[in-house]
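Peer 1: First, the structure itself, so that you have it in front of you.
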Amino acid sequence: MAKQPMLKFISVDRDMPEKRGAEKRRQDFDEIYAEFADAKAKEQASRCSQCGVPYCQTHCPLHNNIPDWLRLTAEGRLKEAYELSQLTNTFPEICGRICPQDRLCEGNCVIEQSGHGTVTIGAVEKYITDTAWQEGWVETINPAQERAESVGIIGAGPGGLAAADVLRRAGVQVTVYDRYDRGGGLLTYGIPGFKLEKDVVMRRVEQLEKGGVTFKLNCDVGKDITFDEIRSKHNAVMIATGVYKSRDLQGPGAGANGIVRAIDYLTASNRTCFGDSVPEFESGELNAEGKRIVVVGGGDTAMDCVRTAIRQGATSVTCLYRRDRDNMPGSQREVQNAEEEGVKFEWLSAPKGFAGDPVTSVKVQKMRLGAPDATGRQSPEPIEGAEHDEPADLVIKALGFEPEDIPTLWNQKDLEVTRWGTIKAEFTSGQTAMDGVFAVGDIVRGASLVVWAIRDGRDSAAAILTYLNAAQAVAAE
Ligand SMILES: Cc1cc2nc3c(=O)[nH]c(=O)nc-3n(C[C@H](O)[C@H](O)[C@H](O)COP(=O)(O)OP(=O)(O)OC[C@H]3O[C@@H](n4cnc5c(N)ncnc54)[C@H](O)[C@@H]3O)c2cc1C
Ligand code: SF4
């Protein structure tokens, strides 16, 4: 009988792919983790205890069949591991790189709970799919039969692209509209290359294009084309536009020059990594080089800004967050990476005002955590008299995002929204209040995660297929 390749968590320690040294990685925008070597991937996958009730899988928004593809990897059956992994996830190599695994699969892994250190699920997932790309196992979409119906998808982020993939595989004619000049949404212009290199995203966009998905880029719906026109062209429409309205800073001087929005800053940086000419970067307006940088916020966006500023050659980078380290929304792994790269964190600190125009310093108010609010989270409150000035040449606002007012912008009063401005859509199907109009991703959930956008896109695409089949059946009667 073959030797049992699994349950090695007692004899084999947890190991991550090698992380480049902080001094080296500060110099470029390349990813910071190397790839697992084949033997290492097998070894790490073999630590899985093959749980009867796999908590990794239950806590994955896509319910990826993690234990089975770990076993196949440990057995050296990589092609089968890839085939199984891509059944539930449209972009496993992207999730392997940027999912907050410490809060999802790995954080709930049984051997992590028992103190042995989680199986490094994300790194193995990335390894399997990167190998599949190298070996040519990732095939061009080739539907068995073409369908006459078409679907218009507004937004080429992970939600829209995941839906495009499912619909196109079913033979539907798919057009994706996006106001940017490249597909990928925040994968392309929000998330920096040191977390997700851009060719990883671009090859997925190309795969969809080769498979017959039409991209209409530089096309801002509501300006270059109306929503009604899109609706009239297609049998169903999906809204996957994400959330882009930045929350603002308050206090005296908050409107000064040199105080910029995180999305503008990151987009400019990502564009320069593509080799694009970016006037706001070249003029210095959105470039941290030689400047003292203060970033306000404690989420993923703030972490991406501080680490981008380091790579652009800032003289100092300080992050202000009004709660403490344990209560920040961003990933702890990213804070550690940022600290290694030279970012200074000022916890329990909020900006009270700004001096100079252009800005020269931030008045920092020290905070403490007070009584818990309705959600049980302790609210930060100011400590009277505890303030200081933090010098700054560039202040980046990373306080989160809200939805744009789509019903007004697109003149669609029947498109219902929640009190937060997100589009009201049915759980799972994404069906909105308008017939044949579906919505997915951040525009429904509010700022969330890539993996949830993928899940929504896939589920809603399945619901659209049901909708198209029903319409076809009625037409045939
Ligand atoms: C800086 C940053 C870092 C992040 N890091 C992570 C991370 O590490 N891990 C993680 O899981 N999540 C992360 N997220 C969150 C994640 O990127 C989003 O949850 C996810 O991209 C949402 O996908 P989406 O398809 O709903 O929208 P998006 O990715 O935002 O895509 C929406 C697309 O719609 C287009 N669009 C909008 N309006 C129009 C219009 N009127 N006409 C035409 N096109 C339009 C936009 O141009 C965009 O391409 C991060 C977010 C940010 C901002
Ligand atoms: S919870 Fe951990 S040990 Fe259990 S099946 Fe998932 S990866 Fe393997």
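The values are calculated or read from the model by the stated rules, or taken from the named source; none is laboratory data. Keep in mind that what you see is a predicted model, and the values were worked out from it rather than measured. With ideal geometry, Cβ positions are generated from the backbone for all residues, glycine too; neighbour counts draw on all protein chains shown.
Peer 1: Can you tell me which condition MET328 does not meet? The list is (1) over 29 Å from GLY385 (Cα atoms); (2) of a type outside the set (Phe, Trp, Tyr); (3) modelled with pLDDT under 95; (4) touching a Gly at 6+ places or on another chain (Cβ under 7 Å), and all the others hold.
Peer 2: (1)
Peer 1: Out of all the residues in region 239-257, which are surrounded by fewer than 18 Cβ atoms within 10 Å (Cβ to Cβ), out of contact with any Asp or Glu (no Cβ under 8 Å at 6 or more places or on another chain) and touching a residue at least 60 places away in the same chain (Cβ under 8 Å)?
Peer 2: Answer for region 239-257, where residues must be surrounded by fewer than 18 Cβ atoms within 10 Å (Cβ to Cβ), out of contact with any Asp or Glu (no Cβ under 8 Å at 6 or more places or on another chain) and touching a residue at least 60 places away in the same chain (Cβ under 8 Å): ASP248, GLY251, PRO252.
Peer 1: In addition: In contact (Cβ under 8 Å) with a residue 60 or more places away in the chain and not in a loop (DSSP other than H, G, I, E, B): is that true of ALA163 in this structure?
Peer 2: yes
Peer 1: Read through the list (1) surrounded by 20 or more Cβ atoms within 10 Å (Cβ to Cβ); (2) outside the structural domain of LEU415 (by TED's automatic domain parsing); (3) more than 10 Å from ligand 1 (Cβ to nearest atom), then give the number of the only condition that ALA236 fails.
Peer 2: Condition (2) is where ALA236 drops out.
Peer 1: Report, ordered by the first and then the second residue, all pairs with beta carbons closer than 7 Å, sequence separation of six or more or different chains, a first member in region 105-132 that is without any contact (Cβ under 8 Å) to a residue 12 or more places away in the chain, and a second member that is buried (at least 19 other Cβ atoms within 10 Å of the Cβ).
Peer 2: GLU112/GLU106; GLU112/THR118
Peer 1: Would you check if there is a residue in region 187-194 being out of contact with any Lys or Arg (no Cβ under 9 Å at 6 or more places or on another chain) and farther than 30 Å from ALA262 by Cβ?
Peer 2: Among the residues of region 187-194, not one is out of contact with any Lys or Arg (no Cβ under 9 Å at 6 or more places or on another chain) and farther than 30 Å from ALA262 by Cβ, which makes the answer no.
Peer 1: I'd like to verify a number: residues in region 399-428 that are β-branched (Val, Ile, Thr) and part of a strand (DSSP E or B), how many?
Peer 2: To start, the set of residues in region 399-428 that are β-branched (Val, Ile, Thr) comprises 406, 408, 417-418, 422-423, 428.
Those still in the list that are part of a strand (DSSP E or B) too: 417, 423.
Residues that pass the stated criteria total 2.
Peer 1: Which residues, counting only those in region 374-398, are crowded, with 18+ Cβ neighbours inside 10 Å and in a loop (DSSP other than H, G, I, E, B)? Let's see the steps before the verdict.
Peer 2: Narrowing region 374-398 to residues crowded, with 18+ Cβ neighbours inside 10 Å: 380, 390, 392-398.
Of everything in region 374-398, those that are crowded, with 18+ Cβ neighbours inside 10 Å and in a loop (DSSP other than H, G, I, E, B) turn out to be ALA392, ASP393, ALA398.
Peer 1: Right, another one. Of all residues in region 429-456, which are within 14 Å of ligand 1 (Cβ to nearest atom) and either in a loop (DSSP other than H, G, I, E, B) or touching a Cys at 6+ places or on another chain (Cβ under 8 Å) (or both)? Break it down into steps so the answer makes sense when it comes.
Peer 2: Just the residues of region 429-456 that are within 14 Å of ligand 1 (Cβ to nearest atom), to begin with: 430, 438-456.
Answer for region 429-456, where residues must be within 14 Å of ligand 1 (Cβ to nearest atom) and either in a loop (DSSP other than H, G, I, E, B) or touching a Cys at 6+ places or on another chain (Cβ under 8 Å) (or both): GLY430, VAL440, GLY441, GLY446, ALA447, SER448, LEU449, VAL450, VAL451, ILE454.
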